[in-house]
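Every read-out reported here was derived from the displayed coordinates using simple, explicitly stated rules and does not represent laboratory data. What you see is a predicted model, and the numbers here were worked out from it, not measured in a lab. Backbone-built Cβ (ideal geometry, glycine too); neighbour counts: all protein chains shown.
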Amino acid sequence: MSLTGTPFLYTTIVLAVVALILPLVLWSRVRGPKPLRTAARLLMLLFAQGTAVTLIFVMVNNQNNLYDNWADLLGTGDHVQQAQDLGRDGTGGIAVKRLPKVKQTFTAADGPGMHAAGGVKVTQLKGRVSGVNAEVYVWLPPQYNDPAYRNKKFPVVELLPGYPGSAKAWFGSMKAHEQLLPLMQSGQVAPFILVAPRTNLLAGVDTGCANIPGQVNADTWLSIDVPKMVTDNFRAEPAPQGWGVAGYSAGAHCAIKLAVAHPDRYRAAVSLSGYNDPIGERNSLAAQNPTVRNENNPYMILKKQAVPPRIALYVSGETGDGYQAGVALESIAKAPTTVHVVFLPRSAGGHNMALWRPQVDTVFRWLTLQMGQNHAKGQDRSLTGPTGSVAGNAAGTTGTTPRSPSTAGSTRAELASGTASRAGAARKP
């Protein structure tokens, strides 16, 4: 029985109801010695508590798409076939453009929201370069099958969830395709192909979207194998101009890191409540080694680059949860790199879907502008007016950038590196 399926949800509801009724009906009817009666009543109470906790977990999991299946929940899933040392560029010297085309079979994806807005497709991809074997979800814009667009190639946005998190989350909990469908039909947002690859590749740890020889090549999976598969199977624009990447929480860290590290593969990146230093996620493999940690910190990568990359970054967050990470990036950005930082007040919500879901509209309007546009001086004001107010609505509030950003008690070093962005990794999605 599927962890996220309707049958399992209904089963837990029935068991919870039965567990509630049993003590009411049998409490005074239990017969036998006192120790036996006590044990029977204790078991009924434990059964009631256990089913209640299980029901709450299932409902929360279905709402937030934390665990996609039993293997993810139990920590038995492993999607890495091999993890060779692929070098600094993550290719292992392989001429990726010369590899044979990857022809995939796609089927209709199941789960909450997966059949909405025309439906989401899924395929099992064996990454030829990364050695990762995992599922990839794809949603096509309404124009894709329109005869008038038969010769058109479409821009692509990779969507990354937090940790723990399911690749389905952007379609299930975030409802990105449902929100974007009418905006694409009306021309307010570009007709993007949405791609959501699995990021939970190893049991019980966050890969940090890093390449770690002998363990995982998550960076190569996301930035080489998945994009090649998409361009081989769909009318997708080539990199970097036609490619963007967006994520929330741990996925936000990955999105910014991928764009900063690979400006030849991505033009724009979106971070919702992210962080710069991999230590922001306590279970991140990228945070276990000082060298790997620095190599996967977008602030450090951007700071060390001799030539500023032609990328556009969008970073939104609350004080202590994403905002400082954006300010740190903005402070070192030089043209043609641009950084658009959106401050969200505490009243906007917490580190959860309720904060991120309403930002989908604004984020994709920004991506529509940025795929092919860049602004000087490291500041992108495409969504701001003269006072710095952000156009559009984020989490039901208008985000603003304070003249004197709050440090929330963070040290200057923490603000510079972005390690203050998640308050010691106290919260996870």
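Based on the alpha-carbon gyration tensor of the range 263-368 and its eigenvalue square roots a ≥ b ≥ c, which shape applies: rounded if a/c is under 1.5, prolate if not and a/b is larger than b/c, or oblate? In terms of gyration-tensor shape, oblate.
Around E295, under 11 Å between beta carbons, what's the net of Lys plus Arg minus Asp minus Glu among the other residues? In short, +3. Anything over 21 Å Cα to Cα? Flag those among K228/K304; K101/K175; K121/K228; K304/K334; K101/K126; K101/K168, in the order listed. The answer is K228/K304; K101/K175; K101/K168.
Each residue of the range 345-355 is assigned a 3J(HN,Hα), and the resulting list reads x, 4, 5, 6, x, x, 7, 7, 4, 4, 7 Hz, derived from the Karplus form 6.51 cos²θ - 1.76 cosθ + 1.60 (θ = phi - 60°), x at Gly and Pro.
Give the residues of the range 18-40 whose amide nitrogen is closer than 19 Å to a point set 7 Å from the Cα of F57 in the direction of its Cβ. The answer is 18-20. Rg over Rh for the range 151-278 works out to 0.96, using Cα positions for both radii and the Kirkwood form for Rh. One Cα centroid belongs to the range 145-203, the other to the range 283-355; the line between them spans 22 Å. Protection proxy ranking, highest mean first, for peptides 291-297, 51-57: 291-297, 51-57, where packing is the per-residue count of other beta-carbon atoms within 10 Å, averaged.
Packing here is the average count of other Cβ atoms within 10 Å per residue, and on that basis the peptides 12-23, 263-274, highest first, run 263-274, 12-23.
The shape of the range 61-219 can be summarised by an equivalent ellipsoid whose semi-axes, obtained from the alpha carbon gyration tensor, come to 28, 21, 13 Å from longest to shortest. For V216, what charge total do you get from the other residues with a beta carbon under 13 Å from its beta carbon, if Lys and Arg give +1 and Asp and Glu give -1? Here the charged neighbours net out to -4.
Would you compute the Debye intensity of the range 143-224 from its alpha-carbon atoms alone, equal scatterers and no solvent, and pass along log10 I(q)/I(0) at q = 0.16 Å⁻¹ to two decimals? Each listed q corresponds, in turn, to -0.72. Once you divide the Cα radius of gyration of the range 194-340 by 2.2 N^0.38 Å, the number left is 0.98. Counted over the range 149-289, the DSSP beta bridges are approximately 10% antiparallel.
Using the Cβ atoms and a cut-off under 13 Å, what net charge is assigned to the surroundings of K304, where Lys and Arg are +1 and Asp and Glu are -1?
Once all neighbours under 13 Å are counted, the net charge is +2.
Altogether, the Stokes-Einstein calculation at 20 °C and 1.002 mPa s, with the Kirkwood radius of the range 1-144 over Cα pairs as Rh, returns a diffusion coefficient of 108 µm²/s. Here the peptides 331-339, 79-87, 37-45, 129-137 are ranked by packing, the mean other Cβ count within 10 Å, and the order with the highest first is 129-137, 331-339, 79-87, 37-45.
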